[in-house]
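Participant: There's a structure below that I have some questions on.
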Amino acid sequence: MSLKYPTTSKTLLDKIASGDEISWDEFYQKYSPIVKAIACFKGLNEVDADDICQQVMMHFFKQSKTFKFDPGIAKFRTYLGRIVSWKIVDYYRKKREKLSEKLDAVPVDAELDNFYMNEWRKVIISEAEEELKSRVSPKTFQAYQLYAVQG
């Protein structure tokens, strides 16, 4: 099964660049679970994953005023993914310097991998439900909720 990042609209990025706080909150709600899941997947504990998420969001927020989204050059997820990777590498570099040890590999176990995949599923299901809700009548959506979600 192939999972996808949530789609990021140019309009959302433009609103963030103009200082729209509601759009920033939408962006944070959409991407923070993904950033945290990636950090956990790379072996960080929950507290450190939260720190990485804050660093990534602060970095993007600082860059958002000058960031120009051009899907012809790269997908937004590529840009954000690089920020996440850099912050995780910095984390391990600082940790290695602090402990004076070499860090050859970050172990990933099946439990962590399952967690990562479940976080992706939550994001995808949430977006799909929002899309469904906008396309069908309230009664049809309620029927979906009662049958598919609540059993």
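The values are calculated or read from the model by the stated rules, or taken from the named source; none is laboratory data. Values in this document were obtained by computation on a predicted structure and should not be read as measured data. Because the Cβ atoms are built from the backbone with ideal geometry, glycine has one as well, and the counts that use them run over all protein chains shown.
Participant: Of the residues Lys87, Lys94, Lys68, which is modelled with pLDDT of 70 or more, basic (Lys, Arg), surrounded by 10 or more Cβ atoms within 10 Å (Cβ to Cβ) and more than 17 Å from the chain's Cα centre (by Cα)?
Facilitator: Just one listed residue meets the conditions, Lys94.
Participant: So, in region 123-151, how many residues would count as being exposed (fewer than 13 other Cβ atoms within 10 Å of the Cβ) and charged (D, E, K, R)?
Facilitator: 4
Participant: What number of residues within region 133-151 are out of contact with any Asp or Glu (no Cβ under 9 Å at 6 or more places or on another chain), in a helix (DSSP H, G or I) and modelled with pLDDT of 90 or more?
Facilitator: Qualifying residue count for the region: 10.
Participant: Scan region 45-59 for residues that are out of contact with any Leu (no Cβ under 7 Å at 6 or more places or on another chain), closer than 17 Å to Leu80 by Cβ and hydrophobic (A, V, I, L, M, F, W, C) and jot them down.
Facilitator: Hits for region 45-59 are Ala49, Cys53, Val56, Met57, Met58.
Participant: Being of a type in the set (Lys, Arg) and buried (at least 18 other Cβ atoms within 10 Å of the Cβ) is true for just one of Lys42, Lys75. Which residue is that?
Facilitator: Lys42
Participant: I want to confirm something. Restricting to region 14-41 and keeping residues that are of a type in the set (Gly, Ala, Ser) and in a helix (DSSP H, G or I), which single residue is nearest to Met117 (Cα to Cα)?
Facilitator: If we take residues in region 14-41 being of a type in the set (Gly, Ala, Ser) and in a helix (DSSP H, G or I), then Ala37 is nearest to Met117 (Cα to Cα).
Participant: Right, Ile83: in contact (Cβ under 8 Å) with a residue 24 or more places away in the chain, touching a Lys or Arg at 6+ places or on another chain (Cβ under 7 Å) and in a helix (DSSP H, G or I) or not?
Facilitator: no
Participant: May I ask you to list pairs of residues, at least six apart or on different chains, whose Cβ atoms are under 7 Å apart, with the first in region 11-35 being more than 25 Å from Ser85 (Cβ to Cβ) and the second being in a helix (DSSP H, G or I) and at pLDDT below 85?
Facilitator: Correct list of pairs: Lys15/Ser23.
Participant: Mind listing whichever residues of region 42-79 are over 27 Å from Lys95 (Cα atoms) and assigned to a loop (DSSP other than H, G, I, E, B)?
Facilitator: Residues satisfying the conditions are Lys65, Thr66, Phe67, Lys68, Phe69, Asp70, Pro71, Gly72, Ile73, Ala74, Lys75.
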